[in-house]
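The numbers here are math on the coordinates, done by the rules we state, and not lab data. Source: prediction; values computed, not measured. With ideal geometry, Cβ positions are generated from the backbone for all residues, glycine too; neighbour counts draw on all protein chains shown.
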Amino acid sequence: MSVATGDITEFLAGLPKGHPLIGLDLGTKTIGVAVSDRLLTVATPLLTIKRTKFTADAAQLLEIANQRQIGGIVLGLPINMDGSEGARCQATRAFARNLARLTDIAIGFWDERLSTVAAERALLEADTSRKRRAEVIDHVAASYILQGVLDRLAHLRDQTA
């Protein structure tokens, strides 16, 4: 069983070397999934899972994590613009607590404010059709969340170098 943490520095310090991370954009109907490379430099959108029950969703996520030898899971935390936490944050924390009971993989949170807005803007700039944007927005948002963590990790590495 792992423990979910909001302290990203603590989360990153405990990660096994040479293992990629998985980033999740947790919605009420879907879960956007992105993965990093083993060097922890680039986040790539992977897929969007249509949510059913927690056990099925968790099994699918843990299967991906197992196949890709994931070293850590980053969950986007939907903090309100004023910095407060609402019902969506509570639901995300509950999902993390339940997932932590099923795995030893470290789980961390990352402030996801504006990640979906950034993903939507990038898709619009790429002239993506409305239908295609709807299909990919969640896993593109997950890659923005994960890239934020990877950039923070690079910054922490630069400070200690």
> Between residue 81 and residue 41, what FRET efficiency comes out of the Förster formula 1/(1 + (r/R0)^6) with R0 = 30 Å and r the beta carbon distance, rounded to 0.05?
Replying inline: 0.55
> Once both labels are modelled 7 Å past Cα along the beta-carbon direction, what's the residue 63-residue 10 spacing in nm?
Replying inline: 3.3 nm
> Between residue 102 and residue 159, what is the FRET efficiency for a Förster distance of 25 Å, r being their Cβ-Cβ separation, to the nearest 0.05?
Replying inline: 0.15
